[in-house]
Amino acid sequence: MNEPVRKKEVSAGIIVFRGDQVLIIRNRFGEWVLPKGKVEAGETVEEAALREVEEETGIRAVVLGTAGTTSYTYLSECYGEPVDKVVHWFVGREAHGSSDDGAGSDVTPSPQREEGISAACFVPWQDAVSLLKYDGELVRRVASAITEGSQAPTGIVDASCCKNPLSGRC
């Protein structure tokens, strides 16, 4: 018996650092999550990640490396059917006012309220680990690999193109 083909969705997001802080948002379900969204036709996953961070938070980011993928299945509100989703994650830093001393900038994140995002803010990465509904462990692994200064585990951070974003010297 043939199973119906499930819908598939590809999204992308960025773990955006400002010094030792990470950008998080509160979604329409009241959950703290990392900014991410669907890849649109003609876009690369990196382009989609950059666009989504700016749309959802008003923060422009610079991609420094890759952080792997996460995959899961969810029940679509639109179709009432399961959707298989893969999210491509990147590591980045804030593009606005970045300084060599790691202080970051004074740009305040602005939540995309029309998409149900009620808050957007930078929090210490250690706090983000416990606040995030889904990707706290990903943030912990990335931040730990960066702060330890060791070669990051494969699939966590492409260390060849990511100097320490926690130092502000990327």
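Report note on the peptides 64-76, 120-132, 17-29: ranked by the mean count of other C-beta atoms within 10 Å, highest first, their order is 17-29, 120-132, 64-76. Distances between placed amide hydrogens fall under 5 Å for VAL22 paired with VAL123, TRP125, all partners being 5 or more residues away or on another chain.
May I ask for the equivalent-ellipsoid semi-axes of segment 1-72, computed as the square root of five times each C-alpha gyration tensor eigenvalue and listed largest first in whole Å?
With the √(5λ) rule applied to segment 1-72, the semi-axes are 25, 15, 12 Å.
For the set GLU56, GLU46, GLU114, solvent exposure ranked by accessible area (probe 1.4 Å, protein chains only) runs largest to smallest as GLU114, GLU46, GLU56. The ellipsoid that matches the Cα gyration tensor of segment 4-120 has semi-axes, each √(5λ) in whole angstrom, of 27, 16, 11, with the longest given first. If R0 equals 35 Å, the separation of the Cβ atoms of THR147 and VAL10 corresponds to a calculated FRET efficiency of about 0.70. Consider a paramagnetic label point 7 Å from the Cα of GLU114 along Cα→Cβ; state which residues of segment 40-54 have an amide N under 20 Å from it. Taking a point 7 Å out along Cα→Cβ of GLU114, the residues of segment 40-54 whose backbone N falls under 20 Å are 40-41, 48-54.
For segment 23-142, the carbon plus sulfur part of the accessible surface works out to 48%, probe radius 1.4 Å.
Sorting ASP135, ASP84 on solvent-accessible area from highest to lowest, probe radius 1.4 Å, gives ASP84, ASP135.
The values are calculated or read from the model by the stated rules, or taken from the named source; none is laboratory data. As the structure is a prediction and not an experimental result, all values here were calculated from the model. Because the Cβ atoms are built from the backbone with ideal geometry, glycine has one as well, and the counts that use them run over all protein chains shown. For the accessible areas, the whole protein counts, side chains as well, though only heavy atoms, and no ligand, DNA or RNA atoms are used. Shrake-Rupley method; radii C 1.70, N 1.55, O 1.52, S 1.80 Å.
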